[in-house]
Structure formats: C-alpha cells, structure tokens
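*Asks:* Below is one structure. I have some questions about it.
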Amino acid sequence: MIEIGVPVRVVALKGGEAFARRMMELGLNVGSELTVRQRQGAALVVSRGEARLALGAGLAHRVWVRPLAS
C-alpha cells in the first residue's frame, strides 16, 4: 500500500485482457506515473497529470505499482 502523495509508476496490470484494455482506456498503462490522492479503505482516488480517477478496492488491488526513485 502506497502512502497518500507518493508518486508511483505502474509496473503491472494483474487481470485479464478486458481489465487491461479498460485500464488503458482510462490512461493507466504499464509505465504510467500516478499519485494517490485519497484513500477510503482499500479504494483509492489517484491522479495522472490533471486527471483524477477513482478505483474501487477490486481494481486497485490489480494495479501493481512501485514508488518513483527520488
């Protein structure tokens, strides 16, 4: 689990082809940089540039990320 405000990079999308396609439609590709803006339980609001996306717990657990190197 990543702390709020920490920039991360998407390293994997762990789901089927339809899941990966849907995430790509939302702009969440492997290599995308995101920042967690809000957490409600396991659900998240993330930002990518100026866009903000809400991810339910099920989706959030299938998007694997790593913190960006400082």
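The values are calculated or read from the model by the stated rules, or taken from the named source; none is laboratory data. As the structure is a prediction and not an experimental result, all values here were calculated from the model. Each accessible area value is taken on the protein alone, full model and side chains, heavy atoms only, with ligands, DNA and RNA left out. Shrake-Rupley method; radii C 1.70, N 1.55, O 1.52, S 1.80 Å.
*Asks:* Under a 1.4 Å probe, what is the accessible area of the chain per residue, stated in Å²?
*Replies:* Numbers: 4560 Å² over 70 residues.
Solvent-accessible surface per residue comes out at 65 Å².
*Asks:* In the chain, what percent of the accessible surface is made up of carbon and sulfur (1.4 Å probe, ligands and nucleic acids excluded)? It would help to have the intermediate numbers written out before the result.
*Replies:* Working: 2380 of 4560 Å².
Carbon and sulfur: 52 percent of the exposed surface of the chain.
*Asks:* Also, I was wondering about something else. Applying the Karplus parametrisation 6.51 cos²θ - 1.76 cosθ + 1.60 with θ = phi - 60° to the phi angles of the stretch 39-56, what ³J(HN,Hα) value in whole Hz is obtained for each residue in order, glycine and proline being reported as x?
*Replies:* 10, 10, x, 9, 7, 9, 10, 10, 10, 10, x, 8, 7, 10, 10, 9, 10, x
*Asks:* Just need the relative contact order of the chain here, percent rounded to a whole number, with Cα pairs under 8 Å and 6+ apart. Can you show the working numbers first?
*Replies:* Working: 115 pairs, mean separation 26.9, N = 70.
About 38 percent, as a whole number.
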